[in-house]
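J.: Let me begin by handing over the structure; questions about it come next.
The values are calculated or read from the model by the stated rules, or taken from the named source; none is laboratory data. On a predicted model such as this, the values are computed, not experimentally measured, just so you know. Please note: Cβ atoms are built from the backbone with ideal geometry, for glycine as well, and neighbour counts cover all protein chains shown. Surface accessibility is based on the protein's heavy atoms, side chains included, excluding ligands, DNA and RNA. Shrake-Rupley method; radii C 1.70, N 1.55, O 1.52, S 1.80 Å.
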Amino acid sequence: MHYKVTHVTQYDYSDTVGLSYNEARLMPRNCVNQQVISSTLNVEPYAADFRIREDFFGNRVAYFSIQQPHHVFTVTAVSEVQLMENTSQLDFYQGFAWETVREMLSQQHSHYLKQASDLIEARQYTLDSPLIETSLQLAEYAKPSFTQGRSVTDTVNDLMQRIYRDFTFDPDFTTLATPLASVLEHRRGVCQDFAHLAIGCLRSQGLAARYVSGYIETLPPQGEEKLVGADASHAWFSVYIPEQGWLDFDPTNNIIPNTQHITLGWGRDYGDIAPLKGVIFGGQNHELEVSVQVECLTN
């Protein structure tokens, strides 16, 4: 599948911004089933000191500063990616038991030496992160999925399905500052919250899980035309499975991502892969508008 993604972010400030420093994580990365064909970032007003680097997790980051007074700030990211279908059949009932994976992640055994480097890299995702702190409440919610001897893939799939059934998608309930405990208590949230919830549950059981940021095409109701800019950023999670690597799960839609999920990047939680963040001098109040358009260029 060949996709074109246009992501426009605009800040309108009530007062003059004299200077700003920014980081944008809006350029997709190459990964197992995704090849980036092109990716451009346009900043208005003119961005000085513009440069691109890779962060600790291998995500592409654009750093830039705006050194002229302005009231409106716009970042437009346009990318084309090719997604390859994963044709391998996933057997949820075979493979390592989740307890075995937990043991592999917590210890260094000689018979795991083949996977030593992957295990060491994955271990950082078993730890708490700034936005995801494990708790007894998360462990209790996770517990019904983690039955003795169950394969890790079947365990994670069951957890994803339970989150999909138990929680209501409600864009008006949470903000970036809403604690995970509140999401768990009220059983409401958005894709970011559901990804954080699943990751917290998995880490509470000693497994490695990371936060994935990207896009998914939004299809209009039958018989209606799709509105330009009606798509949105999306989030899901990925779990480390020995001998297979990282496998993605989307609890918002109860599916395993394949050729409809476009990956921007990943990290421990949302804070590591926020699309745009920075520091401004001035500005006072602001209004934010975000428009995302995902176009499928092949059938």
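J.: What does the charge count near Val212 come to, summing +1 for each Lys or Arg and -1 for each Asp or Glu among other residues with Cβ under 13 Å from its Cβ?
T.: Details: positive: Arg25, Arg29, Arg210, Arg268; negative: Asp248, Asp250, Asp269, Asp272.
Combined, the nearby Lys, Arg, Asp and Glu give 0.
J.: Per residue, how much accessible area does the chain have with a 1.4 Å probe, in Å²?
T.: On the way: 14980 Å² over 299 residues.
Spelled out: the 1.4 Å probe surface of the chain, per residue, equals 50 Å².
J.: To continue, here is another question. Nearest 0.05, what FRET efficiency do Thr40 and Leu219 give at R0 = 25 Å with Cβ-Cβ as r? Walk me through the intermediate numbers first.
T.: Working: r = 26 Å, r/R0 = 1.05.
Step by step, r from the Cβ atoms, then E = 0.45.
J.: Taking 7 Å along the Cα-to-C-beta vector as the label spot, tell me the His71-His2 distance in nanometres, rounded to one decimal.
T.: About 4.3 nm separates the two model spin labels.
J.: How far apart, in nm, are two points set 7 Å out from the Cα along the Cα-to-Cβ line at Arg51 and at Asn254?
T.: So the two model labels end up 4.9 nm from each other.
J.: Moving on to the next point. What is the magnitude of the charge dipole of the chain about its Cα centre, with +1 placed on the Cβ of each Lys and Arg, -1 on the Cβ of each Asp and Glu, and no other charges, expressed in debye to the nearest 20? Intermediate results must be reported in sequence, preceding the final value.
T.: On the way: 20 positive and 36 negative charges, 132 e Å.
Roughly 640 debye, rounded to the nearest 20.
J.: What is the list of residues in segment 256-287 whose amide nitrogen lies under 16 Å from a point 7 angstrom out from the Cα of Asn86, following Cα to Cβ?
T.: Backbone N within reach: 256-266.
J.: If I model a spin label at Phe281 and Asn33 as a point 7 Å from the Cα along the Cα→Cβ vector, what separation in nanometres do I get?
T.: 4.8 nm
J.: Along each principal axis of its Cα atoms, how long is segment 98-257 end to end? Whole angstroms, biggest number first, please.
T.: 58, 30, 28
J.: If you don't mind, there's one more thing I want to ask. Let me spell out the model: positive unit charges on the Cβ of Lys and Arg, negative unit charges on the Cβ of Asp and Glu, origin at the Cα centre of segment 98-257. What dipole size does that give, in debye rounded to 20? Intermediate values should be presented prior to the final figure.
T.: Numbers: 12 positive and 21 negative charges, 88 e Å.
About 420 debye.
J.: Helix check for the chain. Which DSSP H runs span at least 15 Å along their own axis by Cα, with a mean Kyte-Doolittle hydropathy no less than 0.0? Don't skip to the answer; put the middle values down first.
T.: Details: long enough: 152-166 (21 Å, -0.71); 191-204 (20 Å, 0.54).
Both cut-offs are met by 191-204.
J.: At 10 °C and 1.306 mPa s, grab the translational diffusion coefficient of the chain from Stokes-Einstein with a Kirkwood Rh over Cα pairs, rounded to a whole number in µm² per second. Before the final figure, lay out each step's value.
T.: Working: Rh = 20.5 Å.
Value of D from the Cα-based Kirkwood radius: 77 µm²/s.
J.: For the chain, what % of the accessible area comes from carbon and sulfur atoms, probe 1.4 Å?
T.: Values: 7330 of 14980 Å².
About 49 percent, which is the carbon plus sulfur part of the accessible surface.
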